1. Name the one entry in B:Leu388, B:Leu403, B:Leu429 that is surrounded by 18 or more Cβ atoms within 10 Å (Cβ to Cβ) and within 14 Å of chain A (Cβ to nearest Cβ).
2. Just need a number here: residues in region B:449-476 that are at the interface with chain A (Cβ under 8 Å from one of its Cβ atoms) and acidic (Asp, Glu).
3. Are there any pairs, at least 6 apart or on different chains, whose C-beta atoms fall under 6 Å, with the first in region A:170-189 and under 11 Å from B:Leu47 (Cβ atoms) and the second among the charged types (D, E, K, R), and if so, which?
4. Give region A:2-42 a look and list any residue that's in contact with a strand residue (DSSP E or B) (Cβ under 9 Å, 6 or more places away or on another chain), open to solvent by 40 Å² or more (accessible area, probe 1.4 Å) and on the phi < 0 side of the Ramachandran plot, or say none.
5. Taking the criterion of being touching a strand residue (DSSP E or B) at 6+ places or on another chain (Cβ under 8 Å), crowded, with 20+ Cβ neighbours inside 10 Å and under 16 Å from A:Trp455 (Cα atoms), would at least one residue in region B:99-112 satisfy it?
6. List pairs: first residue in region B:191-204 and under 13 Å from B:Phe168 (Cβ atoms), second residue in a helix (DSSP H, G or I) and open to solvent by less than 50 Å² (accessible area, probe 1.4 Å) anywhere in the structure, Cβ distance under 6 angstrom, at least six positions apart or on different chains.
7. If a residue has to be within 14 Å of chain B (Cβ to nearest Cβ) and either modelled with pLDDT under 55 or under 25 Å from A:Val334 (Cβ atoms) (or both) to count, how many in region A:101-136 make the cut?
8. Could you pull out every one of the helices (runs of 4 or more DSSP H) wholly within region B:347-430 that has 1 or more residues that are modelled with pLDDT of 90 or more?
Amino acid sequence: MAIDLKAVEQLATDQSSLKAAASLAKPAKWSGVGGSADGALIWGECAGSGANPYRVMADLRDLGNKCTCPSRKFPCKHVLGLLWLNAEAIVPFAPADTPAWVSDWLGRRRGTSAARPANVAPSGDAKDLRAARALEAEAAEDPKDAARREAQAAKRNEETERAILDALDALEQWIGDQLRLGLAGFIDDATARCRRIAARLVDGKAAVLAGRIDELPSRLLALEAGDRPRGAVVELGKLVLLARAFRATPRDAEIRRAVATSETRETVLADPQALRVDTQWEVLAEQVQTRRDGLVSQTTWLLNLAAAGPRFAMLLDFFPASAGRRGSVFTPGVRFRGELVFYPSQQPLRALLVRRDAAEETLTLEWPAPDEVFSDALTRPLLAEPWTIDIPLLLPQGRFARDDAGHAWWRSGDGTATLPVASNAEGLLCGTDLTRTAAIWSGNRLTILAAQTPWGRIGSHD
Amino acid sequence: MTDALIADAIYDAMGTVLTRWTMGSAAAPAASFWRAELGEDPAEAELRLLALSGQFLGIAVTAEPASTLRILPDIPTLALPTLPEALRPLARRILTAKKLAQGKTELVDFLAARGWTTHPADWMPEGGDDDAPDVYAPWRDWADIAASNNAAWQQTNDHINAGNWDDFWPAARKVALAELRRRDPSAARAVLEAKLGHEGADTRLRLLSLLSERLSDDDIAFLEAIVADDRAPKVKALAASLLARLGHGAGIGEDAAELAGFFSVKTKGILRRSRVIEAERPKTPAQWQCRKALLDGAGLASFAGALGITPQELIAAWDWNVDPAADTALINLIVATGTDAQVADAAKAIGEHDATGLIVALAPRLAPAERARQAEAAMNAHGIRFELTQAMAGPAARLNDPLAAPAGKALLAALRSDDAKPSDQVAELHALGLIASREGARRSLERLTAAGLLQGDPRLDMLRLNAALDDKGAKP
């Protein structure tokens, strides 16, 4: 089934969509491109501005389409880009079995017949393919302009830093107040009090720290009532440490990332110092969380199957909750070879997907053995970044056990370690040996991502 | 002080520090070992102490289980292999799409009939899931053990007898007993005679129903004792119905005579005079009620006797499709109290008289192969839909070319029609996937994709699973 560029032009909502699509219609932006044997469906994964790629799919019979990006435009530039790739045969759309995520989308589609092309009403706005294709001539830069811009940026940076330092003063003042007023009162009224200081931090450009404090009450409430004063001390203590660390090195990218904002994708990609790891990865799990500040965080956890390099990678994206529910980007358990670039850090974890190779059949590596002594793995990351909340871990052989109240615990095979598990374990997870377990340790609870067992790999929600 | 002594001192002080902060008083005076680190300014000292204590409490103090921990036994391996890894995502999707337990049971039954089981991460039965195929009995017992507080696993491979009864968990026990009944009916009955009285009413009911397999005159004395002595009315009723199947029903009582009054035996034809039983139309709602109550409580033999004919004659002479309520009631009567031969007669009569919907009610008494055969015949002759065919056929069906039947032609026409929607015919396509043989599923997929459905269409999931799955089940 063939489409031509005319259809892409008609489908675009405006000229800027078309222009963006033109820049995406390049092989380097895409991976996993394929089509159904009958030529009706095409799909692909597009590297967008986030850490996770977007899954893009289209039905060529009626040009129905879907993309996992949060754009409000329909169709978005990624869909137009995929159609463009197809119309001009820029990359081969190899016939393949329809992936499950495409089938899932088909199952949810309703409305117009799948068998007849919908009438695409030509929109009134003039859209012009040629104009979209035209490359903007790069204006030669005036050295004076460049210098002026740099000076402006430096000034802005200084102002931001000043604002953050002021906000951190307010934060420490607030923490001191909580101690003076008593942690008992703080625990009872944590949500409102945290909201107030978080709002102050947002004004002071410490947005990431504000988000963290907004989530503090829910972490506290997840603890047993008797453990909450300890939990409050740990949480507030970490905030003091982070504030002090920022004062000491306000330009440190890693600390700034924990307080204010993260670098853009472009900055990380352009950074020659940034660690790049090209290896085989397994998708452990995806976590989607709606936060109190109205953002939804989407976290994909990857396990490095090779002997060397960072053991885990975390692809983290945020999008507004109002953009609606997004489909998954990865299927847990999938393995792929690909290149990741890590945000500069003493303990590289957060990363961006740079390139993902077409699926190979021969990815049958076992999970690696844990890299270090278990007790060290729990605490070592805190030496470098004592404010860290979540530590991904690869646990040695172990098994689930239950206490009298029905709460689940993970116990190591040698019996030396017993850790509380966040959720109630049911079914297979507590009825078999866990030869390897990938989990997140949050200082007081273990969240299981996936495990290897005699029954094969199991995910936490399987 | 050595490091260890300092650590102990810190640990000991933390209780006081936490208490002071909880109450809102200054805690630095309670941490004299850190005096140098905390400094002179009281407000600053509190913040520094907070940072240090937080780090210490976050690392050195982790939760300990309050009680001894219990480790559950391994989930046992089943007698049938788990689904091949490559097909698990497809099965998972079907399970997710089927919200109702009924839909899940259909898939689980289908897999068991083809010689496979689900992966325990995809689906496991609950302990009380009596509809799960027998092969899952060890998992049902495991679920019971997991739900209980202290039970330990006992697994025995022995044949069941009155002596080792208590070594079996309930689900495994029922399966072992069913197996014994198939092999040695008298031995199974003897075990029940010894043990049935100690079980609860629901369990008694389930175990007693196992006697319907290879039911014979040897069972009469035992069943009569249950009718006389059992405490639960439903267990008594089941025993009575089993007795009736052996021709030992109650005699023609007043009820049967009153019931017969609602029907009349007439003859028709002049040369070849044949009998026909006509239902007299009840005149008032009260009469309808009365007839229904009488039919619910009657036995086939006594009803026929009150009409002055044999049960076989009753089935042959019944006037089908005139009074649907009476038809249904008669079928229920036959299911509960008819002999195997009478059930077969009824199946034949239903097929001949185009009253195929009634087969579903009769199905539990038919052998799996017979069910499937009846369903296929009805599908071809009477144009019933795949959904009904599937309900009639149960998991044993393996139809080679279902799309050639009227239901298949109707389905293809509906899918091709101009106002077809992508969500149409979901149930029908799913049922088609359940009743087709592997080859039939392959052929159906070819024809459906040729008719315009996409290979990746999720409505075809069941067909795709069927076509990809090696059929290792016992063929009926």
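1. Working: B:Leu388 fails: within 14 Å of chain A (Cβ to nearest Cβ); B:Leu403 fails: within 14 Å of chain A (Cβ to nearest Cβ).
Answer to the selection: B:Leu429.
2. To start, the set of residues in region B:449-476 that are at the interface with chain A (Cβ under 8 Å from one of its Cβ atoms) comprises B:449, B:452, B:454-459, B:461.
Checking which are acidic (Asp, Glu) leaves us with B:457, B:461.
The qualifying residues number 2.
3. These pairs meet every condition: A:Leu179/B:Glu46.
4. Scanning region A:2-42 gives A:Pro27, A:Ala28, A:Lys29, A:Ala37, A:Asp38.
5. No, every residue in region B:99-112 fails to be touching a strand residue (DSSP E or B) at 6+ places or on another chain (Cβ under 8 Å), crowded, with 20+ Cβ neighbours inside 10 Å and under 16 Å from A:Trp455 (Cα atoms).
6. Taking only residues 6 or more apart or on different chains, the pairs are B:Lys195/B:Trp165.
7. Summing the residues that are within 14 Å of chain B (Cβ to nearest Cβ) and either modelled with pLDDT under 55 or under 25 Å from A:Val334 (Cβ atoms) (or both) in region A:101-136 gives 17.
8. Numbers: elements: B:359-362, B:368-382, B:386-393, B:406-416.
Fully inside region B:347-430 and qualifying: B:386-393, B:406-416.
The values are calculated or read from the model by the stated rules, or taken from the named source; none is laboratory data. Just so we're clear, the structure is a prediction, and the values are computed from it rather than from any experiment. FYI the Cβ positions are ideal-geometry reconstructions off the backbone, even for glycines, and counts take in every protein chain you see. Remember, those area values only see protein heavy atoms, side chains included, never the ligands or the DNA or RNA. Shrake-Rupley method; radii C 1.70, N 1.55, O 1.52, S 1.80 Å.
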